[in-house]
1. Identify the single condition in (1) within 19 Å of GLY127 (Cα to Cα); (2) more than 17 Å from the chain's Cα centre (by Cα); (3) surrounded by 21 or more Cβ atoms within 10 Å (Cβ to Cβ) that VAL86 does not satisfy, given that it satisfies every other one.
2. Somewhere in region 40-61, is a residue within 20 Å of LEU134 (Cα to Cα), of a type outside the set (Phe, Trp, Tyr) and in a strand (DSSP E or B)?
3. In this structure, does GLU96 turn out to be of a type outside the set (S, T, N, Q) and either touching a residue at least 40 places away in the same chain (Cβ under 8 Å) or within 29 Å of LEU158 (Cβ to Cβ) (or both)?
4. Pairs please, first residue from region 119-133 and closer than 22 Å to ALA37 by Cβ, second anywhere and charged (D, E, K, R) and crowded, with 17+ Cβ neighbours inside 10 Å, Cβ atoms under 8 Å, 6+ apart in sequence or on different chains.
5. Checking the conditions here, which among VAL161, VAL170 is assigned to a strand (DSSP E or B) and of a type in the set (Val, Ile, Thr)?
6. For the condition surrounded by 20 or more Cβ atoms within 10 Å (Cβ to Cβ) and part of a helix (DSSP H, G or I), what is the one hit in LEU80, LEU118, LEU110?
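The numbers here are math on the coordinates, done by the rules we state, and not lab data. Please read all numbers here as calculations on a predicted model, not as lab measurements. Backbone-built Cβ (ideal geometry, glycine too); neighbour counts: all protein chains shown.
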Amino acid sequence: MRPPFDPTLYLVTDTELCRPHPVADVVRAAVAGGVTAVQVRDKHASRRELLALTRAVQAAVADRPDVPVVVNDAVDVALLAGADGVHVGQEDLPAEEVRRLLGPDRLIGLSVESADDLAVALGLPPGTVDVLGLSPVWATPTKPEAGPGLGLEAVRELARVAHAGGLLTVAIGGIDAARAADVAATGVDGICVVSAVCADPDPQEAATRLRAAMTPVGAR
């Protein structure tokens, strides 16, 4: 049975942006402020380091079983850590293969950067993926390779088509508290943030501000 997944406010970690605070401390504070799901991402970490980081984050939210912890890209780390799932991008392992590795009881997220990507995702066998990350809404320095940005209207259309196909959607890329309401209004099921929480000196307050800004998403 897959873990419960509320994507309303989805935090993607960035070890450098969290400094000088440990990632686990930032995650703990952000969850207290309203983060509902966490993705552990560190592109510069070794697999051993990523495993340790994932376990530290899991320990930080051990008292919140309603907040799933998923791992970016690294299926092996997710399996070793007993994480709740994996998020893969277009250049990572195919989602259908990842589902075979993970089995039926973990979450899989998939990045979607275009209508073509979405069409492929919707063509996967039912149950392959749980949530699509529509990215990037705006260009972002945390993922410069992602391109110039979809814009709000494209996100709205992608979310509409994804929902018609039975999939949850979250939007990521350049989102902060000032933009959260506009993104929420596109009809996505939630927003993903990185620097808006990780780089804030008070991650709990940052998460609280984001939740307040995007109340219409959480109220659906």
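1. (2) is the only condition that VAL86 fails.
2. yes
3. Against the criterion (of a type outside the set (S, T, N, Q) and either touching a residue at least 40 places away in the same chain (Cβ under 8 Å) or within 29 Å of LEU158 (Cβ to Cβ) (or both)), GLU96 qualifies.
4. Pairs that qualify, where the first residue is closer than 22 Å to ALA37 by Cβ and the partner is charged (D, E, K, R) and crowded, with 17+ Cβ neighbours inside 10 Å, are GLY127/ARG99; THR128/ARG99; VAL129/ARG99; VAL131/ASP189.
5. Unique residue meeting the criteria: VAL170.
6. Sole residue among the options that is surrounded by 20 or more Cβ atoms within 10 Å (Cβ to Cβ) and part of a helix (DSSP H, G or I): LEU118.
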